[in-house]
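Asker: Below is one structure. I have some questions about it.
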Amino acid sequence: MIMKQYPVRRATAPTLHLLASPDGSGTSDLARELERSHPAVRFTLDEWMQQLYRLPDDDPGYREFADRCTALIWDTAGQVLGAGTDAVLDWNLWSRSERTAWRDRARIAGFRAVVHLLPGRAGRSDPRFEEPCADEELEIRIVSPERKLPSSLD
């Protein structure tokens, strides 16, 4: 009889990786790096939106469809996390309230959440961006401009 070997399950809970940066800082590049290095499954909102709805991001209906799409992504990401694999949400969580909502979803489902902070480019600021801080109760990993993978901020 041939026995198939399965990988040993992780000792820690799978991680939901969240991304936060001023616009244009390279979140999708980082998401691909995280996908390869952890390993993880990457969920890129723009790709899902293009496949499902073919809407440009400046379309008036985009936000409503994006909300539906992120709900579908969460259903799928929850299954991936439940199977013991990390998941990367590849869209920019600019606000504290957005990060808190995703942190809470992960915790309620029994998973940990980490936010990866990509500092903005020198001389550029984005008034919409709220930089993550320690009181958000998230592990914050700052990604160096040279990259590639982030270091922990304790």
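Coordinate-derived values only; no laboratory data. Quantities reported herein were computed from a predicted structural model and do not represent experimental measurements. Heads up, the Cβs are rebuilt from the backbone with ideal geometry, glycines too, and the neighbour counts pull from every protein chain shown.
Asker: Using alpha-carbon positions, what is the distance between the centroids of the range 48-107 and the range 26-47, in Å?
Answerer: Here the two parts' Cα centres lie 13 Å apart.
Asker: Which far-off residues, 5 or more places away or on another chain, put their amide H under 5 Å from the one on His116, with H placed in the peptide plane?
Answerer: Leu18, Leu19, Ala20, Arg141
Asker: Take peptides 107-118, 54-65 and line them up by average Cβ neighbours within 10 Å, highest first, as a rough protection proxy.
Answerer: 107-118, 54-65
Asker: Quick check on the range 18-137: what does the Kirkwood estimate of hydrodynamic radius come out to from the alpha carbon pairs, in Å?
Answerer: 15.1
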